[in-house]
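Student: Mind looking over this structure? Questions follow.
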């Protein structure tokens with residue numbers, strides 16, 4: 001009897017020892033595998049969003065034209081073969097119209113409107129810098145040997161406060177109106193070349209007419225009879241909008257698309 005009891009104890013002891021061994025082996029196996037298995041690779045970072053090359057180039061041009069338009073405005077030119085005279089800043093301003101319309105066409109009206117608002121930044125910085133330069137004393141050499149140049153510089157750039165207010169007011173109102181009309185006229189078939197040219201011409205003509213009314217009225221009303229100046233400005237800008245803008249905006253859209261394809265980005 002004692003011998004049978006001892007045999008049973010040895011049997012169950014072997015089973016317990018074997019079970020413990022198997023559990024230990026399994027645990028060691030899992031530990032070894034977890035220690036030797038390579039860690040799962042970290043998720044690849046999302047690529048940073050890139051700006052289409054066409055949008056980048058046209059935004060730079062837009063900032064430059066906002067500053068240049070004010071500088072060119074001091075000279076009036078005659079539109080051959082007519083007798084219409086217009087301040088030459090309109091050529092830079094028409095490019096602003098073309099650029100903003102191109103951005104609206106390819107990248108959306110909301111983005112075009114934001115760029116128009118941000119156009120106040122280079123405009124304001126250039127105005128502040130001009131005031132700083134005018135306030136600084138001229139060199140003794142310029143005063144002694146080039147007084148006429150100094151007088152001409154100050155005469156050209158010392159605008160009255162009415163002109164300073166009229167320019168930005170006309171700028172923001174007319175360009176936002178141009179973008180709104182250009183986008184509202186967009187419909188079925190309006191993305192064709194003919195449709196694009198017609199939309200650009202109509203939007204530019206209406207917005208430029210309003211631009212002339214705002215600027216001339218705010219800058220010169222009450223100082224002299226502005227009727228002839230106002231009519232001449234409106235007619236000249238409408239004519240230029242109908243003659244130049246359709247071709248310029250067609251070229252602008254094609255150029256932006258070409259730049260986007262070249263950089264590997266798609267504008268549409």
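Every number here is computed from the coordinates shown, using simple stated rules; none is lab data. If you're wondering where the values come from, they're calculated on a predicted model, not measured in any experiment. Glycine also receives a Cβ, built like all others from the backbone with ideal geometry; neighbour counts cover every protein chain displayed.
Student: For region 101-124 and region 48-71, compute the distance between their C-alpha centroids and round to whole Å.
Tutor: 9 Å
Student: Could I ask something else about it? Extending each Cα 7 Å along its Cβ direction at residue 229 and residue 180, get the distance between those two points in nm, one decimal.
Tutor: Here the modelled spin labels are 2.7 nm apart.
Student: Turning to a different aspect of this structure: What's the ranking of 167-175, 76-84 by average number of surrounding C-beta atoms within 10 Å, highest first?
Tutor: Highest to lowest by the protection proxy: 167-175, 76-84.
Student: Report the FRET efficiency, 1/(1 + (r/R0)^6), for residue 83 and residue 134, where r is their Cβ-Cβ distance and R0 is 41 Å, rounded to 0.05.
Tutor: Approximately 0.70, to the nearest 0.05.
Student: Sorting 136, 229, 55 on the 10 Å Cβ count, fewest up front, what's the list?
Tutor: Fewest-to-most Cβ neighbours within 10 Å comes out as 136, 229, 55.
Student: Can you tell me how much longer the chain between residue 56 and residue 141 gets when fully stretched, taken as 0.36 nm per residue apart minus their C-alpha distance, in nm with one decimal?
Tutor: 26.4 nm
Student: Can you bin region 89-237 into rounded, prolate or oblate? Criterion: square roots of the alpha carbon gyration tensor eigenvalues sorted a ≥ b ≥ c, rounded for a/c under 1.5, prolate for a/b above b/c, oblate for the rest.
Tutor: prolate
Student: Follow-up. Taking the simple approach of a point 7 Å from Cα along Cα-to-Cβ for both residue 247 and residue 110, what is their distance in nm?
Tutor: 3.7 nm
Student: I want to check the label-to-label distance for residue 148 and residue 192. Put each point 7 Å from Cα in the C-beta direction and report it in nm to one decimal.
Tutor: Modelled inter-label distance: 5.9 nm.
Student: State the Kirkwood hydrodynamic radius of region 223-268 in Å, one decimal place, computed from all pairs of distinct Cα atoms.
Tutor: About 13.3 Å for region 223-268.
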